[in-house]
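Here is the structure we will look at.
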């Protein structure tokens, strides 16, 4: 096994320190820094990883692996242009490289270029998902627009790539012909006509073919402006004149003044672009090989070439001029033959004739000489710079607006100075072309022009009324059916409430929701609005359907949520009802996918006007489960949502709406599997298990794409400043960046004979994505060396040593009292109870703290969902809390089921009030003779917190999970007889306290007590059920004696 394979295994095992030690021993500096970058990346230290990759590239700027890794990190940091630049420099491109190139273009709102790269990736890859990704995006961006490009034979070199790339979005015909019939057929077929070159073809088409509502674009390169073609073209029929350079416009203005008056408002400048992937970059040095790539004619002033090489030869005979070009005039062929021989330049001038492979020809050259008296662009110059070659450019009209001043010369003596100077910077030359002359930049500009013409062409054709009506009809039926369902059922549908929780958590990564003014556009049941209102936000929900609003109002009243308002409203007319920036956030989930592009853009514009930030959630195209389930339901006629789309990204539509895209992320870890109910319900737990496994490993999984945007550049700037330490706080009409506190969290772990789980516990703790924590392990009399093993393993973890406190109970006191001992020895602001055989979700603490920021004055308990595990694997079963309307409803549910309904494990509770409540409850238990509790000990504490108002609000969460081990046979909860003894303690306590607090009348209490007996027999059988009830009555008597 080589060292790189060993490092890879250490990374997989999360042994990052050992991996770094091994990487430091690599002799090759580039490989060492690249390996260290990879290790830091997987350790989650992205900034450090970036620095190591940069160090590798400083040594070898064309190291393919380092380039890819550097680009990947830049992409994840949102630096999409920089990521693209470095990806283009990779010489041996794999499908993964093309896939990421596509991603960079998608993020920069260049779907045509993205599809061009995705297609290459799909062709190189055998992975079905890559081909599916390409097809999904092609279907998403494909437009029903016919574009015909007309060009005379021999002049299609500059348009071939453009036509191929645009064909990913439009139906494109490249018509290279002089055949009148072919031209007529293609013209009649087209919606948009592109005339490549303003020459004879443009003259014929604009003068002889009827416009017929078509949009016509004409691209003028150079030579046409130096002849009389502009005067022959019928410019009334041309909608846009595309010029390749600013100085070409000046030629039109100065030498075709009458034409210029007609076209000046139609002109758009789109510089030519290079496919940089075809040009191999490397760092070069000054040398003696000077290249010329040009036809040899009077426009290129070739006589100057010989003058320059003659002067350089006098300085050093090694200077050689390499000419790739054919003679287009006999006078120059004759002149070169005569002068080279007569001046003795045979060894210094090499003629290659016309060269097809310019990339290969330039590979060993040090300079590129251009002495043209006129250029529109100068492809040879850009190609050389892309390869890292220094160009020397004669000052033709426009040269200094196209190229760096220090590379442009007026007189021959300046050429000599430029060549002999030691000032040579390949990185600078390549970067200049990347920023100014890329094919990507050219395609972006062309797309915007074509799109504008298509919009103008179709502006009188509205689909709004049809699509809106279809959507309204589908959802009117849905809300009518929902109105028959009780509020509790609606709010506690697992896929729905888990998705709401994830959505809230995602918002909380960036915003403080408390007091935020939020608008939901298309509120439906109002569940999302209510979820946000529970975080103390001031929420308004609107919907076009009155039935929806009636339903939302009913649910909010049932849950006694006061800071939310619902009213009928139109998402396409928000500015008629609300002021600019009246809201901090405008959002919707599951709305815009039911409309076509134009309607989506209209709604996004409206949302952008009335709010500082816009957040939109749509079905995610990358979810195979969602797409398959939808297609199956549609085939069966069981799809109730009507027209519905899905998206891999919303960025292009966001940009077209005039908004600034800020962030996109996939959520729906539990929501996605439930789509499988439409195919085979037995598959749901299998998919839940798979998703949870990925989620715990840090992957983004789900079926919903959430997109953040804003219309306002100032807010965009503030958003981009956010990190783990800062969040946006909304204050009246302003926003501010709040530095969030990082309080100490005490992880309290009671344990009895848990040696089998110690190593997993240590590995799990190491992955916690929060620095400021301590671990208080309370060993409750273990006989298997649990504490010793834990202590020994911790010694090998330098970052954890100082965070650990081990307490060894002299005797076994039970889980209840062990947790209390742990709390008393804690120093944190918050306590996080955990069991040794369970798994902590690595980002759980951070997400819980984000959520708690919304409750500065409210005592809120965020309950965490149990994701059941057998050994190291999730089994797809979920135990979760429900959202109850009040504590009475909660307690009835616990009494009927004889089990706890909300958990205090793996969540955060303020330590000081927790300790006070815990000690009070311990005293109560002591008075009734309960020495130890190992079952229902967490539930009785949870009940006490709620009953004694240490907790006022309880909200279930699904953005973090407790990996709950069900395979531990030593667990107290598995011991049936102990359950018969101890669960009655919690149930009787709850009944007595309910009586004390007067939560129920006497008749209800009697009815509940009868239910306890019936449930016990139902769950445990007649004999054990009777014993359960007898224990319940005994403990009820004891509690009553001291509490009532």
Given the chain, what percent of its DSSP beta bridges are antiparallel, to the nearest 5? 25
Separation between Cα centres of segment 348-400 and segment 477-494, rounded to whole Å: 70
Highest mean first, how do 403-411, 1000-1008 rank when packing is the count of other Cβ atoms within 10 Å averaged over residues? 403-411, 1000-1008
Expected output is a single nm value to one decimal: the length gained when fully extending between residue 886 and residue 560, i.e. 0.36 nm times separation in residues minus the C-alpha distance. What is it? 116.5 nm
Value at 222 nm in deg cm²/dmol, rounded to 500, when DSSP H runs of n ≥ 4 in the chain each add -39,500 (n - 2.57): -14500 deg cm²/dmol
Helix 597-610 vs. the chain, principal-axis angle (Cα, 0 to 90°, nearest 10): 70
Work out Dmax and Rg for segment 975-1044 from the C-alpha atoms and quote the Rg first, both in angstrom. 11.9, 35
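Output the relative contact order of the chain, whole-number percent, from Cα pairs under 8 angstrom with separation of 6+ residues.
Averaging sequence separation for qualifying contacts and normalising by length gives 6 percent for the chain.
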Label model pair residue 736, residue 283: point-to-point distance (7 angstrom along the Cα→beta-carbon line) in nm is 4.8
If each of residue 931 and residue 43 carries a label point 7 Å out from its Cα toward its Cβ, how far apart are those two points in nm? 5.0
Mind checking the log10 I(q)/I(0) for segment 146-269 at q = 0.19, 0.22 Å⁻¹? Debye, one equal scatterer per Cα, no solvent, two decimals. -1.03, -1.36
Please report the base-10 log of the normalised intensity I(q)/I(0) for segment 279-331, using a Debye sum with one equal scatterer per alpha carbon and no solvent, at each q in 0.12, 0.26, 0.29 (1/Å). -0.35, -1.04, -1.13
Sorted from fewest to most neighbouring beta carbons within 10 Å, what does the list 664, 356, 132 look like? 356, 132, 664
Multiplying the sequence separation of residue 231 and residue 422 by 0.36 nm and subtracting their Cα-Cα distance, what value in nm do you get? 63.9 nm
Binning at 5 Å from 0, report for segment 276-437 what percent of all alpha-carbon pair distances ends up in each bin. 2, 9, 20, 23, 22, 16, 6, 2, 0
Segment 892-1044, convex hull of Cα, quarter of hull surface, nm² -> 9.7
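To the nearest 0.05, how large is the calculated FRET efficiency for residue 893 and residue 665 if R₀ is 41 Å and r is the Cβ-Cβ distance?
0.75
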For segment 464-739, what does the alpha-carbon gyration tensor say about shape, rounded, prolate or oblate, given a ≥ b ≥ c as the root eigenvalues, a/c under 1.5 as rounded, and a/b over b/c as prolate? rounded
For 678, 331, what ranking results if the residue with the fewest other Cβ atoms within 10 Å of its Cβ goes first? 331, 678
Which order do the peptides 497-506, 364-373 take when ranked by the mean count of other beta-carbon atoms within 10 Å per residue, highest first? 497-506, 364-373
Could you estimate the translational diffusion coefficient of segment 745-972 from the Stokes-Einstein equation, with Rh from the Kirkwood formula over C-alpha pairs, at 20 °C and 1.002 mPa s, in whole µm²/s? 120
Starting from the alpha-carbon convex hull of segment 3-140, give the projected area averaged over all orientations, in nm². 8.6
Where labels lie 7 Å past Cα in the beta-carbon direction, separation of residue 624 and residue 693 in nm: 1.4
Quote to one decimal, in nm, the extra length available between residue 208 and residue 96 on full extension: 0.36 nm per residue of separation minus the C-alpha distance between them. 35.4 nm
Please state, as a whole number in µm²/s, the translational diffusion coefficient that the Stokes-Einstein equation yields for the chain at 20 °C and 1.002 mPa s, with Rh defined as the Kirkwood radius across alpha carbon pairs. 64
How many angstrom lie between the C-alpha centres of segment 211-285 and segment 727-788? 64
Counting alpha carbon pairs within less than 8 Å and at least 6 residues apart, what relative contact order, in whole percent, applies to segment 975-1044? 48
Percent of alpha carbon pairs in segment 481-520 separated by more than 15 Å? 57
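Every number in this text was worked out from the coordinates using simple rules, so none of it is lab data. Remember, it's a predicted structure, so these values are computed and weren't measured experimentally. Backbone-built Cβ (ideal geometry, glycine too); neighbour counts: all protein chains shown.
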